[in-house]
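The values are calculated or read from the model by the stated rules, or taken from the named source; none is laboratory data. On a predicted model such as this, the values are computed, not experimentally measured, just so you know. Reconstructed Cβ throughout: ideal geometry from the backbone, glycine too, with neighbour counts over all protein chains shown.
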């Protein structure tokens with residue numbers, strides 16, 4: 001059941017602080033090393049390059065260009081966002097630390113290899129799909 005709270009009731013129960021009780025630190029690093037993001041972007045752009053070269057027609061120039069812009073923007077904007085006013089002490093995980101410690105997930109800790117496999121499996125499959133499609137198109 002819901003109950004209507006009047007302003008007076010809320011004002012009596014509210015505790016107003018003049019300053020923040022504790023400092024809020026926002027981690028904008030996404031918790032993974034940048035090398036994994038670069039590999040993902042490279043595989044997606046590789047997919048587009050393979051499709052552009054293998055199935056080159058004048059009608060695909062604009063759609064491929066739009067896809068390239070979307071991939072670059074989709075990873076570029078968050079990359080810029082991580083560098084906006086970073087709080088002291090919060091930095092992206094280094095590759096060495098990632099290899100040493102792995103990463104904690106909702107289902108448990110993963111080693112660097114396990115986490116990399118989970119992250120890169122879809123981009124690798126998409127790139128392989130482009131290679132297979134272009135091979136089939138060349139043979140037919």
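Things worth noting here:
- Which listed residue, of 126, 69, is over 28 Å from residue 23 (Cβ atoms) and out of contact with any helix residue (DSSP H, G or I) (no Cβ under 9 Å at 6 or more places or on another chain): 69
- Against the numbered list (1) within 30 Å of residue 49 (Cβ to Cβ); (2) surrounded by 14 or more Cβ atoms within 10 Å (Cβ to Cβ); (3) modelled with pLDDT of 90 or more, residue 76 comes up short only at (2).
- From 54, 42, residue being within 30 Å of residue 139 (Cα to Cα), surrounded by 12 or more Cβ atoms within 10 Å (Cβ to Cβ) and either at pLDDT 95 or above or in contact with a strand residue (DSSP E or B) (Cβ under 9 Å, 6 or more places away or on another chain) (or both): 42
- Comparison of 104, 91 shows that the only residue that is outside any helix (DSSP H, G or I), modelled with pLDDT under 85 and out of contact with any helix residue (DSSP H, G or I) (no Cβ under 7 Å at 6 or more places or on another chain) is 91.
- Matching residues in the range 107-124 - criterion: being modelled with pLDDT of 95 or more and surrounded by fewer than 12 Cβ atoms within 10 Å (Cβ to Cβ): 121
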